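Below is one structure; the comments refer to it alone.
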Amino acid sequence: MLLLDLDGVLVDTRPVMKSAWRSVQEAHGLDMPFEAYERHLGRPFADIMEQLGIGDAELIHRTYADASMAASHLTRQFEGVAGVLHAFAAAGWLLGIVTSKPLDRAAPLLAQLGVPFATVRTPNGVGRGKPAPDPILLALIDLGADPAAAMYVGDMAVDQEAAHRAGVAFVHAGWGYGHPSAPTPEIAESPADLLRFLETAGHRAPFLEGSLL
């Protein structure tokens, strides 16, 4: 089973987040730079506000969410992502999403990928957010899968910690926004580089017409 983060792994939403944070700065008189916010990506929004020592998290989140929706057209899929996901699905892998993006903003982005995700776990559900293992474990429960049978792909240190605490193999998305922490995990340099895990798992990557394979 292949579980994946969304932002920084499947889609490049940094321009969206930067635009939304600018709206937060203007609306709430914050001088906190975007780079300070970006360092905590992967956590639920309220947790990031706590990390930054910013109050009124709910009010600020409404501003951020509205601005994100308005700037959503700036989102781009990382090159080759859709083809890679279809290759895993064709090889019989179940695909799931574990993200800290709320469902109302994640769903349209996932729909554009045109890939059958068997489970999607967001902060809208129960449990703690990353770096706690809860969303990964809940995704495993959804699919009736054992941690030993799963792999999680993320781009931030909180993703790595969540996978470790869930007992799931972790692959760092080297094309994303963050850096791995110690001990150094398996690193995929590009979405296409993930295809080697089909081979190591005993699968042969199929040829899909119109894909990158």
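The values are calculated or read from the model by the stated rules, or taken from the named source; none is laboratory data. Being a predicted model, the structure only gives us computed values, none of them experimental. No Cβ is skipped: glycine too gets one built from the backbone with ideal geometry, and neighbour counts run over all protein chains shown. For the accessible areas, the whole protein counts, side chains as well, though only heavy atoms, and no ligand, DNA or RNA atoms are used. Shrake-Rupley method; radii C 1.70, N 1.55, O 1.52, S 1.80 Å.
Before moving on, here are some points about what is shown:
- Qualifying residue in segment 105-116 (condition: outside any helix (DSSP H, G or I), at pLDDT 95 or above and buried (at least 17 other Cβ atoms within 10 Å of the Cβ)): no
- Meets criteria (assigned to a loop (DSSP other than H, G, I, E, B) and exposed (fewer than 14 other Cβ atoms within 10 Å of the Cβ)) for GLY129: no
- Within segment 176-192, being of a type outside the set (Ser, Thr, Tyr) and open to solvent by 40 Å² or more (accessible area, probe 1.4 Å) holds for HIS179, PRO180, ALA182, PRO183, GLU186, ILE187, GLU189, ALA192.
- Looking across segment 132-157, the residues that are in a helix (DSSP H, G or I), closer than 25 Å to ASP12 by Cα and touching a strand residue (DSSP E or B) at 6+ places or on another chain (Cβ under 6 Å) come down to PRO135, ILE136, ALA139.
- Of all the listed residues (GLN51, GLN25), the sole one being in contact with a His (Cβ under 7 Å, 6 or more places away or on another chain) and outside any loop (DSSP other than H, G, I, E, B) is GLN51.
- Pairs are defined by a Cβ separation below 6 Å, a sequence spacing of at least 6 or placement on different chains, a first member in segment 136-163 that is under 16 Å from PRO183 (Cα atoms) and of a type in the set (Gly, Ala, Ser), and a second member that is part of a helix (DSSP H, G or I) and modelled with pLDDT of 95 or more; the pairs so defined are ALA162/ILE136.
- Output for segment 117-126, where each listed residue is assigned to a strand (DSSP E or B) and not polar (S, T, N, Q): VAL120, ARG121
Okay, residues lined up against (1) within 15 Å of GLY8 (Cβ to Cβ); (2) open to solvent by 80 Å² or more (accessible area, probe 1.4 Å); (3) under 16 Å from the mean Cα position of the chain (by Cα); (4) of a type in the set (Val, Ile, Thr):
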residue	(1), (2), (3), (4)
LEU41	yes, no, yes, no
ARG62	no, yes, no, no
ALA65	no, no, no, no
LEU74	yes, no, no, no
PHE78	yes, no, yes, no
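- Output for segment 28-47, where each listed residue is under 13 Å from LYS101 (Cα atoms) and either among the basic types (Lys, Arg) or assigned to a helix (DSSP H, G or I) (or both): ARG43, PHE45, ALA46, ASP47
- Any hit, segment 64-84, residues being farther than 30 Å from ILE141 by Cα, charged (D, E, K, R) and not in a helix (DSSP H, G or I): yes
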